[in-house]
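Before any comments, here is the structure.
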């Protein structure tokens with residue numbers, strides 16, 4: 001029942017969407033990583049220029065290991081870019097760097113969904129790996145309290161994935177708006193950035209869809225367990 005219960009079919013569409021989203025983001029990123037940007041700016045230089053023009057020139061930009069590990073940390077106010085993005089002079093690299101700069105701009109302008117997402121991160125980190133064990137302890141031992149606790153904890157993770165959607169979409173909008181307004185890219189290059197960020201956005205939609213359907217699955221298993229008593 002733990003691994004092969006029939007309720008898995010509920011989550012299958014979201015899993016397929018997630019697989020498609022991962023393939024699309026990697027292929028789109030790879031494609032536009034081969035397209036150089038006309039002005040020759042690297043991702044780090046583009047991010048620094050965007051932040052400077054937004055009055056955030058003091059914000060630190062760091063290089064980190066990994067591929068597509070780029071993120072903005074609102075706790076330390078540090079923009080971290082993967083090596084390919086940090087040093088890259090491609091449309092993809094500058095697009096990703098601009099997107100992460102969008103998060104820094106959100107933070108500076110007190111964008112409410114970003115603050116909410118940051119506030120629930122600690123609960124989310126716990127809930128994403130503890131909710132299912134707690135739930136299934138209750139499921140196997142017929143403890144409604146444990147099952148309800150697992151559902152409650154997982155609900156916080158679902159909330160995180162849902163709140164992430166407007167945060168990521170807004171960061172992409174800000175990135176595209178700044179790149180266009182500051183004439184840091186040509187129109188053709190901006191179309192490439194839209195493709196890269198659009199593919200990335202689909203991964204967040206897939207994550208939220210998966211989490212919502214997983215929660216639905218938990219609720220269904222809970223009701224099945226209650227009916228068997």
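The values are calculated or read from the model by the stated rules, or taken from the named source; none is laboratory data. What you are looking at is a predicted structure, and each value in this text was computed from that prediction instead of being measured. All Cβ positions, even for glycine, are placed from backbone atoms using ideal geometry, and neighbour counts span all protein chains on display.
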Query raised in the report: What do you reckon, is residue 183 in contact (Cβ under 8 Å) with a residue 24 or more places away in the chain, over 24 Å from residue 67 (Cα atoms) and not in a helix (DSSP H, G or I)?
Result: no
Query raised in the report: Hey, residue 150 hits all of (1) at pLDDT 85 or above; (2) within 23 Å of residue 203 (Cβ to Cβ); (3) in contact with a helix residue (DSSP H, G or I) (Cβ under 7 Å, 6 or more places away or on another chain) but one; which does it fall short on?
Result: (2)
Query raised in the report: On the given criteria, is residue 218 within 22 Å of residue 123 (Cβ to Cβ) and either surrounded by fewer than 19 Cβ atoms within 10 Å (Cβ to Cβ) or at pLDDT 90 or above (or both)?
Result: yes
Query raised in the report: Can you name the condition, by its number, that residue 10 falls short on among (1) surrounded by fewer than 13 Cβ atoms within 10 Å (Cβ to Cβ); (2) more than 24 Å from residue 194 (Cα to Cα)?
Result: (1)
Report summary line: Only unsatisfied item for residue 189, checking (1) without any contact (Cβ under 8 Å) to a residue 60 or more places away in the chain; (2) surrounded by 17 or more Cβ atoms within 10 Å (Cβ to Cβ), is (1)
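Answer yes or no as to whether residue 175 is out of contact with any helix residue (DSSP H, G or I) (no Cβ under 7 Å at 6 or more places or on another chain), within 24 Å of residue 77 (Cβ to Cβ) and in a helix (DSSP H, G or I). Break it down into steps so the answer makes sense when it comes.
On the way: out of contact with any helix residue (DSSP H, G or I) (no Cβ under 7 Å at 6 or more places or on another chain): no; within 24 Å of residue 77 (Cβ to Cβ): yes; in a helix (DSSP H, G or I): yes.
So residue 175 fails the test.
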Report task. Would you mind stating whether residue 115 is assigned to a helix (DSSP H, G or I) and surrounded by 18 or more Cβ atoms within 10 Å (Cβ to Cβ)? Result -> no
Query raised in the report: Which fully enclosed strands (runs of 3 or more DSSP E) of the stretch 50-111 have 3 or more residues being in contact with a strand residue (DSSP E or B) (Cβ under 9 Å, 6 or more places away or on another chain) and surrounded by 18 or more Cβ atoms within 10 Å (Cβ to Cβ)?
Result: 78-82
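Have a look at 169, 139, 157 and point out the one that is in contact (Cβ under 8 Å) with a residue 40 or more places away in the chain, assigned to a helix (DSSP H, G or I), under 28 Å from residue 116 (Cβ atoms) and in contact with a helix residue (DSSP H, G or I) (Cβ under 7 Å, 6 or more places away or on another chain).
Working: 169 fails: in contact (Cβ under 8 Å) with a residue 40 or more places away in the chain; 139 fails: under 28 Å from residue 116 (Cβ atoms).
Just one listed residue meets the conditions, 157.
Every residue, every condition in (1) under 19 Å from the mean Cα position of the chain (by Cα); (2) touching a residue at least 24 places away in the same chain (Cβ under 8 Å), yes or no:
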{"site": "10", "(1), (2)": "no, yes"}
{"site": "60", "(1), (2)": "no, no"}
{"site": "64", "(1), (2)": "yes, no"}
{"site": "77", "(1), (2)": "yes, yes"}
{"site": "102", "(1), (2)": "yes, yes"}
{"site": "107", "(1), (2)": "yes, yes"}
{"site": "113", "(1), (2)": "yes, yes"}
